[in-house]
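Here is the structure we will look at, set down as structure tokens.
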Amino acid sequence: MTNSPDGGYRPSRRDVLRPVEYVGGAAIAAVFTAVIVLFGTRDWTLTLITLGGVFIIVLMVLALLSMAVKPNSSEHGDGAGGDPERRQGGDSAH
């Protein structure tokens, strides 16, 4: 995350390409599963249904897991629960 010279917000390249990683991972898993189903059954209808289903399921799982992870350790807080007395140093401005 960087600020552009005109003062606006500009996400980093990694932040921009993150959705492509999720879709690519889901597509790879779906194609792998579809190939196994095709070799096992020789039925194109079942293979296409499997391809679509696995793609959607893996994409949703990856998206849900990515929402559960906070990338910055500074966002976790210091464990004081908002109580200034429990923070390091113990001095609070009263």
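None of the figures in this text is laboratory data; all of them are computed from the coordinates on show. Everything numeric in this text was worked out from a predicted model, so none of it was measured. Every residue, glycine among them, receives a Cβ derived from its backbone with ideal geometry; neighbour counts consider all protein chains shown.
On a full-extension model of 0.36 nm per residue, what is the gain between Leu17 and Val35, subtracting their alpha-carbon distance, rounded to one decimal in nm?
Numbers: separation 18, 0.36 × 18 = 6.48 nm, distance 2.71 nm.
This chain segment gains 3.8 nm when fully extended.
In a reduced charge model with +1 at each Lys and Arg Cβ and -1 at each Asp and Glu Cβ, segment 9-67 shows a dipole moment near 260 debye about its Cα centre.
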